[in-house]
Amino acid sequence: MQYHCITRLTIPYILYTMNHLSIRQLSLQYPGGLLALDQISLDITNGIFGLLGPNGAGKSSLMKVITGLQRPRNGHISFNGTDVLKEPAFIRSRLGFLPQDFGVYPKVSAYTLLQHLASLKGIGNHRERKAQILSLLDKVNLLQVKDKEVHTFSGGMRQRFGIAQALLGNPQIIIADEPTAGLDPEERNRLHLLLSEISMQVIVILSTHLVEDVRTLCHQMAIISQGRLLTQGSPENMIRELVGKVWTRAIPPAERQAYAAHPFIGQQLTGKVLHIAIHSEQQPEGFLPLAPTLEHVYFHTLNHS
Ligand SMILES: Nc1ncnc2c1ncn2[C@@H]1O[C@H](COP(=O)(O)OP(=O)(O)OP(=O)(O)O)[C@@H](O)[C@H]1O
Ligand SMILES: [Mg+2]
């Protein structure tokens, strides 16, 4: 399904395509029998969509199914109206993927490797290819080291190289599995700005463990755990639902066991004092009201799953 929207950017009116990824009742079982995805349904449109969940929740598995690297057991995925499980080439030619782990890095320069990947993505015109590669290397702050071999890059540089290759060919959907892992704060901000800028016109699906990044970047999000979708919606709405229901008190860390009846949805150690946060419909004795955060939403959702 193709939508057209008119939006206000720096130029008064720009016409762009609204992309739509539809996931229905998606299940994935690995050969050992583990059900990594259990009946996941999601609708994702332009903008940054945040995927949160603990280790082993199924975030990378979901991303691999969308990209066509894993076949699901059941379910449907369509991108802009085309069934991508039947026609994987349709999404592949419009997709940029930054996997969580690249594995081995070849002994060729960043520029040469991008040249090769650009050819694979069908960017045939030599001048266009060169211009796009240089612009992307500049955007991810690797222009100065474009002739260095990728296997000699630091972890953060490799991550930025991964982002550059994911953006090759102007994809309509970008899937980034923990893109900020290993980036220093300056590079993390740079990547956030880059993703925000491009997400007006494309779908960006971002998995991360940094709840605050989802709060600042994403207009929609989902929390998954043990392969199941626990909740989805906008971070603002989810936070609003907890207003008047989060309470805090400062306790000595050794006393934390005494609160076992109220699972914590936040805790912060300041010196020798532990500030705990709990969820309750009424104000518990000795607790003070606290403004809810997305981290409270995250832990509250996991506690209730
Ligand atoms: N190739 C595989 N074969 C068998 N089991 C797998 C395979 N890949 C992942 N799993 C299992 O599937 C579950 C989901 O893994 P997945 O990598 O999708 O989680 P994740 O949410 O991305 O976790 P993390 O935050 O640690 O990256 C885990 O229990 C994992 O052990
Ligand atoms: Mg993962």
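Assuming a ≥ b ≥ c are the square roots of the Cα gyration tensor eigenvalues, decide whether segment 148-218 counts as rounded (a/c under 1.5), prolate (otherwise, with a/b larger than b/c) or oblate. Here segment 148-218 falls in the oblate category.
Summarising the strand pairing of segment 3-233, around 60 percent of its internal DSSP beta bridges are antiparallel.
Remark: spin-label model distance Met200-Thr82 equals 2.6 nm, labels positioned 7 Å along the Cα→Cβ axis.
Each part gets one Cα centre, and for segment 142-218 versus segment 60-81 those centres are 22 Å apart.
Local charge for Leu274 was computed over the other residues whose Cβ lies under 9 Å away, with Lys and Arg +1 and Asp and Glu -1, and equals +1.
For the chain, the calculated P(r) over all alpha carbon pairs, in 10 Å bins from 0 to the bin holding the longest distance, is 6, 24, 30, 24, 12, 5, 1, 0 percent. Averaging Cα coordinates gives a centre for segment 278-295 and one for segment 38-56; these two points are 27 Å apart. The lysines within cross-link reach of Lys146, meaning a Cα-to-Cα straight distance under 19 Å and a gap of 8 or more places when in the same chain, are Lys107, Lys130. In this structure, Asp184 and Ala89 have a Cβ-Cβ separation that, at R0 = 30 Å, corresponds to a calculated FRET efficiency of about 0.20. Of all aspartates and glutamates in the structure, those lying under 19 Å Cα to Cα from Lys245, and not within fewer than 8 positions of it along the same chain, are Glu236, Glu281, Glu285, Glu295.
The slack between Val108 and Lys272, meaning 0.36 nm per residue of separation minus the straight C-alpha distance, is 53.9 nm. In segment 239-303, taking the dipole from charged Cβ atoms about the Cα centre, the farthest positive-side position among Ile251, Leu288, Pro263 is held by Ile251. About the centre of its Cα atoms, the chain shows a dipole size close to 760 debye [charges on the beta carbon of Lys, Arg (+1) and Asp, Glu (-1) only; nearest 20 debye].
Once the Cα-Cα distance is subtracted from the 0.36 nm per residue extended length, the Glu236 to Ser119 segment shows a gain of 38.0 nm. When exposed loop sites are taken as GluC sites (Glu not before Pro) in a DSSP loop with at most 12 other Cβ atoms within 10 Å, the longest stretch of the chain clear of them is 1-280.
Rounded to the nearest 0.05, what FRET efficiency do Arg127 and Asn170 give with R0 = 25 Å and r taken as the Cβ-Cβ distance? Could you check? Step by step, r from the Cβ atoms, then E = 0.95.
Each value in this text was obtained by applying a stated rule to the coordinates, not by laboratory testing. What you are looking at is a predicted structure, and each value in this text was computed from that prediction instead of being measured. Quick reminder, even Gly has a Cβ in these numbers, built from the backbone with ideal geometry, and neighbours come from all protein chains shown.
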